[in-house]
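A.B. asks: Take a look at this one; I'll ask things after.
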Amino acid sequence: MFTTPEGLFEPTMIFFGLINLLIMFQTMINKILWDLINTREVASFFNKIIIETKEEKKHDEVVKEVVRRLAEYKAREVQVEG
């Protein structure tokens, strides 16, 4: 079970051998991006980070900040879709 600004969520299926991996990863992402998640401009769900802003300039700033933080915490793979 893990917490997001929208409430508590619990996976309905756990893959064999990965019992705690997804929860640990979600907890790490929540810690890294906590203040951005609280602004409701950023949401994360396992391997996806969703950034939603009203202005394009603000969106670019938030994307750069998210990528900077992931790089700071040495996230191995960062892909920007869009």
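A.B. asks: So, counting K/R as plus one and D/E as minus one, what does the shell of residues with Cβ under 13 Å around E55 add up to?
C.D. replies: -2
A.B. asks: For a quick check: sort V42, V62 by the number of other beta carbons within 10 angstrom, fewest at the front.
C.D. replies: Arranged by neighbour count, lowest to highest, V42, V62 become V62, V42.
Coordinate-derived values only; no laboratory data. All figures in this text were calculated on a predicted structure; none of them were measured in a lab. Please note: Cβ atoms are built from the backbone with ideal geometry, for glycine as well, and neighbour counts cover all protein chains shown.
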